[in-house]
Amino acid sequence: MLCCLLLQVVEYIKKQFTFLGFAKILKENKPRVIMKEKKFKKIFVEGPIAASFISDSIQKHSTQKTIGGHSIFLGQVRADVIDEKTVALIEYTSYEEMALEKMHEIRESIFAKYDLSCMHVYHSLGKVAAGEISLFVFTSSSHRKEAIEACEETVEKIKAELPVWGKEIFADETHQWKENK
Amino acid sequence: MEIQIIIFGQLTDITGSHKVQLTGISDTDELVMELNNRYPALANAKYLIAVEKQIIVKNTLLEDNNTVALLPPFAGG
C-alpha cells in the first residue's frame, strides 16, 4: 500500500519535473516573432482591367450604407497616331516595390485631406491594347464633393509620382516610350 | 562592394538590360560616371536615381549590396 502510494508520489513528482523541463525547453526555444515586411495594398493587375471587374467593385459597395457618392476614373489606352503609325498597345512596367510604397503615401495623403469612406486603385501591368482600361481609380464618400475632388487629385498624383512606364507598341512592332503630359 | 542597378523604361533601350551589376563603386557620382563609360548614350538621358527605393537629389554614399534604380520620367495611368 505504502509502496503504491510512494510510486504514485514518485510518478507525480516525475510528471512535474517533466512538465517543468518541457516548459523550460519551450521558453528557451520560444519562436521569435519574425518581423514581416510591411505589406502594402496591391494595386497591380496583369493585363487590362475588365469592365466586369469595375462593375463588381461598384456592386461590392452597396453594403456600405453611409456612402452617398462614388467617383470613378478610368484610364483607357488611346490609339495615338504618331508619324502615320498607330499605337496598337501599351506594355506597362513598374518598379513594383517602390510603386506600392509610393501608392501607400498617396493614399495616406488623400485620406488625410478628404473625408472618404474608401478608395480603390488598380493599375495594369503588361500588355493593354488600345481601347482597353489600364487605370481604375474609385473613391467613395458620404457626400459627393469629397469623392469627386479626391478622385481627381489621386489620378494626378498617380500620373506624376508612381514609378510606372509604358512602351507604346505600334502595329509594325516598333515602339516609343509614353510621356505623361 | 557590389551594387545592383535596376533599369527601367527607355533606359533599357540604351543598356539592353533590366539589371546591371557594378563593383568598386562607393557613391552615386561614381556610379553615374561608370555607367556613362559603359553606355555613352546614358549621358544624354533624363532620369532620377533611387537608392533603396528613396529618390536622391545629390551625391550619395553607397553600401554593399545596395539596390540603385534608374528611373526615367514616369508614365503611369
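The values are calculated or read from the model by the stated rules, or taken from the named source; none is laboratory data. No experiment lies behind these values; they were computed from the predicted model shown. Every residue, glycine as well, gets a Cβ built from its backbone with ideal geometry; the counts of neighbours run over all protein chains shown. The protein model used for the area step is the full one, side chains on, heavy atoms only, and it has no ligands, DNA or RNA in it. Shrake-Rupley method; radii C 1.70, N 1.55, O 1.52, S 1.80 Å.
Can you report the number of residues in segment A:65-81 which are part of a loop (DSSP other than H, G, I, E, B), over 14 Å from A:ALA171 (Cβ atoms) and of a type in the set (A, V, I, L, M, F, W, C)? Step through it out loud before you land on a result.
Step one: of segment A:65-81, the residues part of a loop (DSSP other than H, G, I, E, B) are A:65-68, A:77-80.
From what is left, the residues that are over 14 Å from A:ALA171 (Cβ atoms) are A:65-68, A:78.
Those left that are additionally of a type in the set (A, V, I, L, M, F, W, C): A:67.
Qualifying residue count, segment A:65-81: 1.
Which pairs do you get when a residue that is closer than 15 Å to B:GLY76 by Cβ, found in segment A:83-105, comes within reach of a residue that is in a helix (DSSP H, G or I) and open to solvent by 40 Å² or more (accessible area, probe 1.4 Å), reach meaning Cβ atoms under 7 angstrom, with the pair 6+ apart or on two chains?
These pairs meet every condition: A:LYS102/A:GLU161.
Which condition from (1) open to solvent by 10 Å² or more (accessible area, probe 1.4 Å); (2) closer than 19 Å to B:LEU70 by Cα; (3) over 15 Å from the mean Cα position of the chain (by Cα) is the one that A:ARG144 breaks?
Going through the list (1) open to solvent by 10 Å² or more (accessible area, probe 1.4 Å); (2) closer than 19 Å to B:LEU70 by Cα; (3) over 15 Å from the mean Cα position of the chain (by Cα), A:ARG144 breaks only (2).
With respect to B:ALA75, is the statement that it is open to solvent by less than 30 Å² (accessible area, probe 1.4 Å), in contact (Cβ under 8 Å) with a residue 40 or more places away in the chain and within 13 Å of the chain's Cα centre (by Cα) true?
Details: open to solvent by less than 30 Å² (accessible area, probe 1.4 Å): yes; in contact (Cβ under 8 Å) with a residue 40 or more places away in the chain: yes; within 13 Å of the chain's Cα centre (by Cα): no.
It is false that B:ALA75 is open to solvent by less than 30 Å² (accessible area, probe 1.4 Å), in contact (Cβ under 8 Å) with a residue 40 or more places away in the chain and within 13 Å of the chain's Cα centre (by Cα).
Given the conditions (1) surrounded by fewer than 17 Cβ atoms within 10 Å (Cβ to Cβ); (2) touching a helix residue (DSSP H, G or I) at 6+ places or on another chain (Cβ under 6 Å); (3) at the interface with chain B (Cβ under 10 Å from one of its Cβ atoms), which single one is not true for A:VAL137?
Only one criterion is unmet by A:VAL137, namely (1).
Specify the residue that is farthest from the other protein chains (Cβ to nearest Cβ); the eligible residues are those in segment A:68-95 that are of a type in the set (Ser, Thr, Tyr) and touching a strand residue (DSSP E or B) at 6+ places or on another chain (Cβ under 6 Å).
A:SER71
Against the conditions (1) closer than 30 Å to B:ASP13 by Cα; (2) hydroxyl-bearing (Ser, Thr, Tyr); (3) not in a strand (DSSP E or B), where does A:SER57 fall short? Just the number, please.
Result: A:SER57 passes all but (1).
Does segment A:112-121 hold any residues that are open to solvent by 50 Å² or more (accessible area, probe 1.4 Å) and touching a strand residue (DSSP E or B) at 6+ places or on another chain (Cβ under 7 Å), and which are they?
Of the residues in segment A:112-121, the ones open to solvent by 50 Å² or more (accessible area, probe 1.4 Å) are A:112-113, A:115.
Selection gives A:ASP115 alone.
Considering segment A:149-181 alone, what residues qualify as being acidic (Asp, Glu), within 12 Å of chain B (Cβ to nearest Cβ) and touching a helix residue (DSSP H, G or I) at 6+ places or on another chain (Cβ under 7 Å)? Write out each step before concluding.
Residues of segment A:149-181 that are acidic (Asp, Glu), as a first pass: A:149, A:152-153, A:156, A:161, A:168, A:172-173, A:179.
When the remaining residues are screened for being within 12 Å of chain B (Cβ to nearest Cβ), the result is A:156, A:161, A:168, A:179.
Result: A:GLU161, single match.
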